[in-house]
Amino acid sequence: MTRSHFARVAVLFVPLLASALSGCSGGQPQAEDAHLPMASVASLPAEVLEAPVVVQQAYRYAAANSDILTHIPCYCGCGDMGHASNYACYISGTQPDGALIFDSHALGCSICVDITQDVMRMRAEGKDVKAMRAAIDATYSRYGPSNMP
């Protein structure tokens with residue numbers, strides 16, 4: 001294969017491969033397949049829409065499941081930022097009209113997203129919040145301090 005032929009193949013193949021891989025979630029549940037409550041894609045800020053699919057899923061799940069994620073800790077060290085749960089890694093508050101105020105922290109934090117993806121998987125399996133919290137504590141406590149008591 002000549003160098004120019006290789007370059008043309010790469011130009012065509014790399015975007016296709018990237019597109020295919022972005023739809024993969026590394027063994028994590030695809031939100032739509034797991035029938036999990038999710039916020040609409042339209043509700044996400046532009047910066048989240050530019051993130052990988054698993055990050056977008058985590059933001060969508062967080063926006064629709066405060067009742068769960070406010071009881072799940074994060075272990076990335078974000079407690080120093082004032083985050084009091086995994087939910088706070090995604091949502092920093094609500095506007096007077098009820099619209100969510102998104103936090104950009106989880107855009108760059110794989111621990112936050114991994115925790116949320118694990119919660120999504122466990123919820124799809126039917127686990128309750130207490131079991132999810134125990135599993136998250138056991139799995140992630142080695143990475144840093146919990147941001148919850």
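Throughout, read-outs are computed from the coordinates displayed, never taken from laboratory work. Since the structure is predicted, the reported quantities are computational estimates derived from the model, not experimental observations. No Cβ is skipped: glycine too gets one built from the backbone with ideal geometry, and neighbour counts run over all protein chains shown.
Quick rundown of the values:
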quantity	calculated
All positions within segment 36-62 that are in contact (Cβ under 8 Å) with a residue 40 or more places away in the chain, assigned to a helix (DSSP H, G or I) and not aliphatic (A, V, I, L, M)	Ser43, Glu47, Gln57, Tyr59, Tyr61
Where Met132 falls short, out of the listed (1) buried (at least 20 other Cβ atoms within 10 Å of the Cβ); (2) under 13 Å from the mean Cα position of the chain (by Cα); (3) not in a loop (DSSP other than H, G, I, E, B)	(2)
Odd one out for Ala88, checked against (1) over 25 Å from Pro149 (Cβ atoms); (2) over 11 Å from the mean Cα position of the chain (by Cα); (3) part of a helix (DSSP H, G or I)	(1)
Any hit, segment 104-113, residues being of a type in the set (Val, Ile, Thr), within 12 Å of the chain's Cα centre (by Cα) and crowded, with 18+ Cβ neighbours inside 10 Å	yes
Options Ile72, Ile101: the member that is under 19 Å from Val41 (Cβ atoms) and not in a helix (DSSP H, G or I)	Ile101
Pair list, Cβ < 8 Å and 6+ apart or interchain, from segment 124-137 residues that are farther than 15 Å from Met148 by Cβ to residues that are among the aliphatic types (A, V, I, L, M)	Ala124/Ala34; Ala124/Leu36; Lys127/Ala135; Ala131/Met122
